[in-house]
Amino acid sequence: MSLTLRFLGTSASRPTVERNVSSLALIREGETLMFDCGEGTQRQMMRYGITFALCDIFFTHMHADHMLGLTGLLRTLALQGRTEAMNLYGPPGTEKLLRRAITLGSEKQPFEIKIVELTPETPLKRNGYSIIPFPVEHGDRMAIGYHITEETRLGRFNPERSREMGIPEGPLWGKIHKGETVKLPDGRTIKPSELVGPTRPGRRVVLTGDSRPSEGTITAATGADVLVHEATFAEEEAPRALETGHSTAREAAAVAAKAGVKKLVLTHVSARYSRDTSELEREAREVFPATVVARDGMEIDIPFETSELS
């Protein structure tokens, strides 16, 4: 079951020649979720092969570089004859601005648009996974991050052992796999522990949007497979980061280290580092070696634990 991140925009505040402003797509088994939609996102979708058939866009906050692309994307979808509903999600208080973006430049909306204001820590449950918003610190602006967590999966069923034990393939296998103790026609009782391994954790991805380092992010990201954290500045600009509600690469790495994540991906890069992110990468890796700096078009596949694949 595939789980992939595709970075559509990795620049902070304004686009550069190398980078568009904030947007990220998460693709899970053919389902696409978008997080933030900065100006020009629809072109980035075409460029990097992200489907226009998506139905969910999640906003971390309402700064322009995270939501101005919504108007153009909706206009394009309308011109293409879309009829399916679009769902927009954001922190409390964002519906008014989203409504303005929807109606800007158009009096008629040919497909339904639903807006949901998400309460931090309240899970949005989906088939096999949940999206959990959590509070982040971004100056005086209401902002949230998103924690995408898959459900714990059943342990592996051992079909070879089952055949050796003379258990007929069919409904009995399904019952045993689901944890039921079954009685065979010959009178034997079979417990699930005889044929099913331990349960297996799902994968977890945490996205901060724009944020200062925070305990909320550390809590949400504890043990996560991937943490995508903003890193607008290098350490020399730490006072500027604090003033503007952003993070340095070193600060983001400290969050990843405290949370014990497997991989840290830095994004929301200031224009001054657009062409050369080596300083950000170096400073972060001194604190947390498993760090990469995202670039537009970067694709990151998130596998299950190696032990599960053997």
Total charge dipole magnitude, segment 10-82, about the Cα centre, Cβ charges on Lys, Arg, Asp, Glu only, Debye to nearest 20: 240 debye
Principal axis dimensions, largest first and in whole angstrom, of segment 1-56 by Cα: 34, 17, 17
Chain lengthening between Arg295 and Lys114 when straightened (0.36 nm per residue, less Cα-Cα): 62.1 nm
Lysine pairs meeting the criterion (Cα under 28 Å, 8 or more apart or interchain), as found in the chain: 13
For segment 95-186, projected area of the alpha-carbon convex hull averaged over all directions, nm²: 11.4 nm²
Two-site label geometry, Leu97 and Thr222: point separation in nm, points 7 Å out along Cα→Cβ: 3.1 nm
Packing-based ranking, highest mean first, of 104-116, 64-76 given that Cβ atoms within 10 Å are counted: 64-76, 104-116
Amide H contacts under 5 Å for Ile132, placed H, 5+ residues apart: Leu124, His147, Ile148, Thr149
Equivalent ellipsoid dimensions for the chain as semi-axes, Å, which come from the Cα gyration tensor, largest first: 40, 25, 17
Under the Karplus curve 6.51 cos²θ - 1.76 cosθ + 1.60, θ = phi - 60°, whole-Hz ³J(HN,Hα) for segment 26-31, x wherever Gly or Pro sits: 10, 10, 10, 6, x, 8
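Could you state, as a whole-number percent, how many of the C-alpha pairs of segment 194-278 are farther apart than 21 Å?
Details: 1182 of 3570 pairs.
Above the 21 Å cut-off, segment 194-278 has 33 percent of its Cα pairs.
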Table column - 3J(HN,Hα) (Hz), segment 213-229, Karplus curve with 6.51, -1.76, 1.60, x for Gly and Pro: x, 8, 5, x, 5, 4, 5, 5, 8, 3, x, 5, 5, 9, 10, 9, 10
Theoretical ellipticity at 222 nm over the chain - DSSP helices of four or more residues, -39500 (n - 2.57) apiece, nearest 500: -7000 deg cm²/dmol
Rounded, prolate or oblate (a/c below 1.5 giving rounded, otherwise prolate when a/b exceeds b/c) for segment 38-81 by Cα gyration tensor: prolate
Accessible area of the chain belonging to carbon and sulfur atoms, whole % at 1.4 Å probe: 51 percent
Antiparallel %, DSSP beta bridges [both residues in the chain], to 5: 55 percent
Amide N proximity, segment 96-138 versus Ala85 label position 7 Å along Cα-to-Cβ, cut-off under 14 Å: 111-117
Total charge dipole magnitude, the chain, about the Cα centre, Cβ charges on Lys, Arg, Asp, Glu only, Debye to nearest 20: 740 debye
Distance (nanometres) between label positions extended 7 Å along Cα→Cβ at Thr199 and Arg161: 1.9 nm
Theoretical gain in end-to-end length, Arg275 to Arg47 [0.36 nm per residue, Cα-Cα removed]: 80.1 nm
Size of electric dipole in segment 83-139: Cβ of Lys, Arg +1 and of Asp, Glu -1, about Cα centre, debye, nearest 20: 120 debye
Kirkwood Rh and Cα Rg combined as Rg/Rh, segment 136-180: 1.51
Accessible surface, per residue, of the chain when the full set of protein chains is kept, probe 1.4 Å, Å²: 47 Å²
Separation of the Glu121 and Lys178 label points, Cα + 7 Å toward Cβ, nm: 3.4 nm
Kirkwood hydrodynamic radius over Cα pairs of segment 39-149, then Stokes diffusion coefficient at 10 °C and 1.306 mPa s, in µm²/s: 107 µm²/s
Contour minus Cα-Cα distance for Arg153 and Lys191 (0.36 nm per residue): 11.8 nm
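The values are calculated or read from the model by the stated rules, or taken from the named source; none is laboratory data. These figures come from a predicted structure and were not determined experimentally. Ideal geometry is used to build each Cβ from the backbone, glycine not excepted, and the neighbour counts take in all protein chains shown. Accessible surface is based on the protein model in full, side chains and every heavy atom, while ligands, DNA and RNA are left aside. Shrake-Rupley method; radii C 1.70, N 1.55, O 1.52, S 1.80 Å.
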